[in-house]
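Engineer: What follows is a single structure, and I will ask about it in a moment.
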Amino acid sequence: MDTLLLSRIQFGANISFHILFPTITIALGWVLLFFKLRFSATGDRKWMDAYMFWVKVFALSFAMGVVSGITMSFQFGTNWPGFMETVGNVAGPLLAYEVLTAFFLEAVFLGIMLFGASRVKPWVHTFATFLVAFGTTMSTFWIIVLNSWMHTPQGFELREGVVFATDWFDIIFNPSMPYRFVHMMLASFLTVAFLVAGISALRMLWGDKGEDVKSALRVGIISASALIPLQILAGDLHGLNTLEHQPAKVAAMEANWETGPNVPLVLFAIPDDETRSNKFELSIPNGASLILTHKKDGVVPGLNDFVTADGEVRHPRVAPVFFSFRIMVGTGFAMLALSWGGLVLLRKYGAGKMPKLALFAFCAMSFSGWIATLAGWYTTEIGRQPWLVQGVLTTKAAVGDVPAGMVLSTLIGYLIIYAILIVVYIFVITYLARKATRGEPYSIRRYPRGGEASVAPLQAGA
Amino acid sequence: MDYFGDPNVWLPWTFAALMSFSILIYVVLDGFDLGVGLLMPLANDDEKDRLVASIGPFWDANETWLVLAIGLLLVAFPPAHGVILTALYLPVFVMLLGLILRGVSFEMRAKAPIAQKPMWNFAFFAGSLLASLSQGFMLGMYIMGLTWTLPHVAFAMITAVFLTVGYSFIGAAWLIWKTSDELQKHAIKWAKGGIWGLVLGIGAISMATPFVSKRIFERWFDFPQILYLSPFPIASGALVIFLWWSLARLPLKNDRLSWTPFTAAVGLFTLAYCGMAYSFYPYVVPEQITIYEAASAPESLFIILFGTLFVLPAIFGYTLLSYYIFRGKATELRYD
């Protein structure tokens, strides 16, 4: 394998590992704020118990996100020097704004949010929680702006092969940014909704009868069932936006080789880049035309349009895009079925008497958000190939001149440590759930609510 | 006023200053918390918890300065970023591995089953060690001009050891300030054991740097520069003597002066760092690329500078707030 492919795999591995944790912290920050505000409003202890359990998951995920994120900031220079040399004038300020407006905010207030509850007034602690949640969302915004600009670049001019910014409004509000941002935020909230529901279901299966667990399960199921239809709608709109700006990606998602009307929706196939055709195709007539153009005879772009006269392929490899798109959509519909089914059962039996089978199903789907999110990112990122910045810079032109052996050995190093860390992460979350189920108290301190006189914190052992 | 008139001159200069400043803050702040990690094996089980507690609320933010520094290099001097990081590919990888290991074990040692705690304590130490050694190694390679020859690598290995000992020193100085009783006495002992590394490290870099290039030699030793540069070594020497003196006498009654070793250590790091910055200016890649050649387009730098002017004071404000909230001796880390 050559440096280019290895570098792509390495970047893919690093960012796949990284995105798992922000996907959790982006939404979990807001969920924690919700728990905290419910507690302030009702004074009901269960909300604080829920907060205390999930804040541990948050702290753990945040740390994983920070350390894997530092890796990302170095990858640009170590593996992709051509990226910043060509588009640094646009990418640079966007990344700088992410660090300045988001990273410091979240990192500093995280300390106060985690360890400051006994040292500051309740409202300051709540406000710190808000700032952490706000910081993670700001960080999402800036990085999505940059990523979207790489898909749908505008507001720049090329001088001697280097990109210069001409209109920052156009750069920030590039055509795919609003869709991608909404799609990612919803993905994060769905991931957390299923994680909260799944871990709560696990604790119930282990026999936890706590009110905090029931409430968390309710919050998870209700928010999941409310958000998943919105996500399907947002995904559809995002797809139409992609059809307009990156038709080659849509052609690969649909495994459609020839441009034309009445294009079928391919349910399953094995796309073959060599013969440029699909094997074992199973499809619904006119389906793709209907979905993408809302007309039976609507014209859908085909992959063969993206081969130049001298035979250079300017579309992505079809199979990875095709399959990851189907994994994402399939997971999404499984989420729809389970969350709506769960909602019906919740109304019928209540959170305390959910049927075991449903609890098992939620357990099994705890990390379904990760699968859908990763599959979605693979669809959009592999779908942009061979471009790194659509129409401006190819991936090949940006790769660094590092020996393949060096990239391979570090890649193996990363993969080993990531594999271990994923196992440890999931193990520790279930271990925390097990410990909480055994009823070890979260705290011996009485939490003051906003407005009440705060009581002196009890020292451990006192 | 021509100097301030041309944005192609003062913008790169400003960004070089901002970047150097972030690296300095990173070295001092993450220096002390990496140093605390390095001291882990020397502490007993109860002390280990307090070591971690002393840096708990701060380490996330401390590492963010690294992201800012590398981010500024990336956004303000893109070609230099590529050259430096591809040259330092392997040490960067080792450092990242160390930082990952460290950050993860920080959380895990408190959350994983108690039987695994010694393992995570070790991972915390090992991660701190890998990160410190590789940073020292990169420092040495940078001074030697980023070329991989045997003498350069040998020099970089020496700076790796010295920086690591230097970090453990500033970590111990932090602990003298943030802890009390037995642990504080231990920290004083550790600081005494670490100060030689700092002195030798600063000495080695100061000795070696001028001989790497004639340009740097002349910058320091030509008359009259040597006159107004003389406060650097003199002040450094005074700080070292002060440290020696105070470490021999601490702890004092009522915890008097317990903050001074850390402050003096910060002073030493700062002086050494400023000396280095003076040596290498105007180069961002030693003897190859100047900050003016590597700088991004002025219009892009303007946009960043504009934001920075508003945001940086706010960052300082809430960073100070955080240190103020967690002032005093380190107590047990609790979420409630």
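The values are calculated or read from the model by the stated rules, or taken from the named source; none is laboratory data. Treat the numbers as computed from the prediction; the structure is a model and nothing was measured. Don't worry about glycine lacking a Cβ; one is built from the backbone with ideal geometry, like all the others, and counts go over all protein chains shown. The accessibility values were calculated without ligands, DNA or RNA, using every heavy atom of the protein model including side chains. Shrake-Rupley method; radii C 1.70, N 1.55, O 1.52, S 1.80 Å.
Engineer: Give me the summed buried accessible area for the A-B pair, 1.4 Å probe, to the nearest 100 Å². Each step should come with its number before you reach the end.
Structural biologist: Numbers: alone 21210 and 16810 Å², together 31820 Å².
Approximately 6200 Å² gets buried when A meets B.
Engineer: A further question follows. Hey, what do the phi angles of region B:302-315 turn into as Karplus ³J(HN,Hα) couplings, whole Hz, using 6.51/-1.76/1.60 and θ = phi - 60°, x for Gly and Pro?
Structural biologist: 4, 4, 5, 4, 4, x, 4, 4, 7, 7, 4, x, 5, 4
Engineer: Just order A:282-288, B:63-69, B:189-195 by mean Cβ neighbour count inside 10 Å, highest at the front, would you?
Structural biologist: B:63-69, B:189-195, A:282-288
Engineer: Which residue, chosen from B:Phe93, B:Val284, B:Leu250, occupies the Cα position most advanced towards the positive end of the dipole of region B:17-302, where the dipole is computed from +1 (Lys, Arg) and -1 (Asp, Glu) charges on Cβ about the Cα centre?
Structural biologist: B:Leu250
Engineer: Which trypsin sites (Lys or Arg not before Pro) in region B:253-336 pass both tests, a DSSP loop state and at most 13 other beta-carbon atoms within 10 Å? All intermediate terms of the calculation are to be shown ahead of the outcome.
Structural biologist: Working: sites: B:Lys253, B:Arg256, B:Arg327, B:Lys329, B:Arg334; in loops: B:Arg256, B:Arg327, B:Lys329, B:Arg334.
For trypsin sites (Lys or Arg not before Pro) across region B:253-336 that sit outside H, G, I, E and B with at most 13 neighbouring Cβ atoms in 10 Å, the list reads B:Arg256, B:Arg327.
Engineer: Taking every alpha carbon pair in region B:1-105, what does the distance histogram look like in 5 angstrom bins from 0, in percent?
Structural biologist: 2, 11, 16, 19, 16, 12, 9, 6, 4, 2, 1, 1, 0
Engineer: I've got another one for you. Express in nm, to one decimal, how much length is gained between B:Glu299 and B:Asp45 on full extension, taking 0.36 nm for each residue of separation and deducting their alpha carbon distance.
Structural biologist: Details: separation 254, 0.36 × 254 = 91.44 nm, distance 5.45 nm.
Working it through step by step, the gained length comes to 86.0 nm.
Engineer: Can you tally the lysine pairs in region B:17-302 where the Cα-Cα distance is under 20 Å and the two residues are eight or more apart, or on different chains?
Structural biologist: 12
Engineer: What lysines sit close enough to A:Lys214 to cross-link, taking a C-alpha to C-alpha distance under 21 Å and skipping anything fewer than 8 places away on the same chain?
Structural biologist: Of all the lysines, those that pass the test against A:Lys214 - Cα under 21 Å, at least 8 places apart if same chain - are A:Lys36, A:Lys46, A:Lys56, A:Lys348, A:Lys353, A:Lys356, A:Lys435.
Engineer: In region A:411-432, what residues drop by 30 Å² or more of accessible area when the other protein chains are put back, versus the chain on its own? Use 1.4 Å, and skip ligands and nucleic acids.
Structural biologist: When all protein chains are present, A:Tyr414, A:Ile417, A:Leu421, A:Val424, A:Phe427, A:Val428, A:Tyr431 each give up 30 Å² or more of accessible surface.
Engineer: Right, another one. Select from B:Tyr26, B:Tyr273, B:Tyr228 the residue whose mean-square fluctuation is largest in a Gaussian network model of chain B (Cα-Cα springs shorter than 10 Å).
Structural biologist: Looking only at B:Tyr26, B:Tyr273, B:Tyr228, the biggest GNM fluctuation is shown by B:Tyr228.
Engineer: So how far apart, in nm, are the two label points at B:Tyr324 and B:Ile114 if each is 7 Å from Cα heading toward Cβ?
Structural biologist: The answer from the label model is 3.9 nm.
Engineer: Quote the convex hull volume per residue of the protein assembly as shown, based on C-alpha atoms, as a whole number of Å³.
Structural biologist: Values: hull volume 140.8 nm³, N = 798.
Expressed per residue, the convex hull around the Cα atoms of the protein assembly as shown is 176 Å³.
Engineer: Related question: What is the helix-to-structure angle for B:260-280, meaning the angle in degrees between its Cα long axis and the longest Cα principal axis of chain B, kept from 0 to 90 and rounded to the nearest 10?
Structural biologist: The angle comes out near 20 degrees.
Engineer: Working from Cα positions, state the angle (0 to 90°, nearest 10) between the long axis of helix B:89-111 and the longest principal axis of chain B.
Structural biologist: 30 degrees
Engineer: Determine the calculated [θ] at 222 nm for chain A from helices alone, applying -39500 (n - 2.57) to every DSSP H run no shorter than 4 residues and normalising by the residue count; nearest 500 deg cm²/dmol. Walk me through the intermediate numbers first.
Structural biologist: Values: 15 runs with 313 residues, N = 462.
Result for chain A, helices only: -23500 deg cm²/dmol.
Engineer: Let me know the whole percent of all Cα-Cα pairs from region B:17-302 that are separated by more than 31 Å. Write down the numbers at each step before the final one.
Structural biologist: Working: 12071 of 40755 pairs.
For region B:17-302, the fraction of Cα-Cα distances above 31 Å is 30 percent.
Engineer: Between A:Lys348 and A:Ile232, what FRET efficiency follows from the Cβ-Cβ distance if R0 is 35 Å, with the result rounded to 0.05?
Structural biologist: Details: r = 25 Å, r/R0 = 0.71.
For R0 = 35 Å, the calculated efficiency reads 0.90.
Engineer: Continuing with this model, one more query. Per-residue Cβ counts within 10 Å, from other chains only, averaged over A:79-85: what number is that? Walk me through the numbers before you get to the answer.
Structural biologist: Values: counts 4, 3, 9, 2, 3, 9, 5.
The shielding value for this peptide is 5.
Engineer: Carbon and sulfur atoms: what percent of the 1.4 Å accessible area of chain A do they account for? It would help to have the intermediate numbers written out before the result.
Structural biologist: Values: 12110 of 18190 Å².
About 67 percent, which is the carbon plus sulfur part of the accessible surface.
Engineer: Using a Förster radius of 22 Å, what is the FRET efficiency between B:Thr263 and B:Gln225 based on their Cβ-Cβ separation? Nearest 0.05, please.
Structural biologist: Between B:Thr263 and B:Gln225 the formula returns 0.15.
Engineer: Still on this structure, I have one more. Under DSSP H, which helices of chain A have Cα atoms covering 30 Å or more of the helix axis and a Kyte-Doolittle average no less than 0.5?
Structural biologist: Details: long enough: A:3-42 (58 Å, 1.19); A:45-79 (50 Å, 0.61); A:122-151 (44 Å, 0.94); A:177-205 (41 Å, 1.43); A:211-245 (49 Å, 0.53); A:318-349 (46 Å, 1.25); A:404-437 (49 Å, 1.82).
Membrane-span-like by this criterion, though nothing is claimed about a membrane: A:3-42, A:45-79, A:122-151, A:177-205, A:211-245, A:318-349, A:404-437.
Engineer: Round to a whole number: what % of the accessible area of region B:17-302 belongs to carbon and sulfur, probe 1.4 Å? Show your work: numbers first, answer last.
Structural biologist: Working: 7870 of 10720 Å².
Looking at region B:17-302 in its full context, I get 73 percent from C and S.
Engineer: Determine the shielding of peptide A:115-126 by partner chains: average, over its residues, the number of Cβ atoms on other chains within 10 angstrom of each Cβ.
Structural biologist: Working: counts 13, 6, 3, 4, 7, 2, 0, 0, 0, 2, 0, 0.
Mean shielding by partner chains, rounded to a whole number: 3.
Engineer: Which value at 222 nm does chain B reach when only helices count, each DSSP H run of 4 or more adding -39,500 (n - 2.57), with the total divided by all residues and rounded to the nearest 500 deg cm²/dmol?
Structural biologist: On the way: 15 runs with 271 residues, N = 336.
Calculated from helices alone, the mean residue ellipticity at 222 nm is -27500 deg cm²/dmol.
Engineer: In whole Hz, what ³J(HN,Hα) sequence does region B:239-253 give by Karplus (6.51, -1.76, 1.60; θ = phi - 60°), x for Gly and Pro?
Structural biologist: With coefficients 6.51, -1.76 and 1.60, one gets 5, 5, 4, 4, 4, 4, 4, 6, 5, 6, 9, 5, x, 9, 4 Hz.
Engineer: Could you report the protein assembly as shown's accessible area per residue, 1.4 Å probe, as an integer in Å²? Mind dumping the intermediate values first?
Structural biologist: Values: 31820 Å² over 798 residues.
The answer is 40 Å² per residue.
Engineer: If R0 is 45 Å, what FRET efficiency do you get for A:Ala419 and B:Ala248 from their C-beta distance, rounded to 0.05? Numbers along the way, then the final one.
Structural biologist: Numbers: r = 50 Å, r/R0 = 1.11.
The formula returns an efficiency of 0.35 here.
Engineer: Rank B:Glu287, B:Glu332, A:Glu274 by accessible area, highest first, at a 1.4 Å probe radius?
Structural biologist: Values: B:Glu287 80, B:Glu332 105, A:Glu274 155 Å².
Reading off the accessible areas and sorting them downward yields A:Glu274, B:Glu332, B:Glu287.
Engineer: Ranked from the most accessible area to the least, with a 1.4 Å probe and all protein chains present, what is the order of B:Cys274, A:Cys363? Kindly include the intermediate steps, with their values, before the conclusion.
Structural biologist: Numbers: B:Cys274 55, A:Cys363 35 Å².
Descending order: B:Cys274, A:Cys363.
Engineer: Kindly tabulate the residues in region B:99-137 with an accessible-area decrease of at least 40 Å² between the chain alone and the assembly of all protein chains, using a probe of 1.4 Å.
Structural biologist: Residues of region B:99-137 that lose at least 40 Å² of accessible area once the other chains are added: B:Ile100, B:Val104, B:Glu107, B:Met108, B:Lys111, B:Pro113.
Engineer: Related question: Which value, to two decimals, describes the C-alpha radius of gyration of chain A once divided by 2.2 N^0.38 Å? Walk me through the numbers on the way to the answer.
Structural biologist: Numbers: Rg = 23.9 Å, N = 462, 2.2 N^0.38 = 22.6 Å.
Here the Cα radius of gyration is 1.05 times the empirical estimate.
Engineer: Can you give the charge dipole size of region B:17-302 about its Cα centre, rounded to the nearest 20 debye, using +1 on the beta carbon of Lys and Arg and -1 on the beta carbon of Asp and Glu? Please report the intermediate quantities before stating the final value.
Structural biologist: On the way: 16 positive and 17 negative charges, 129 e Å.
Dipole magnitude for region B:17-302 comes out near 620 debye.
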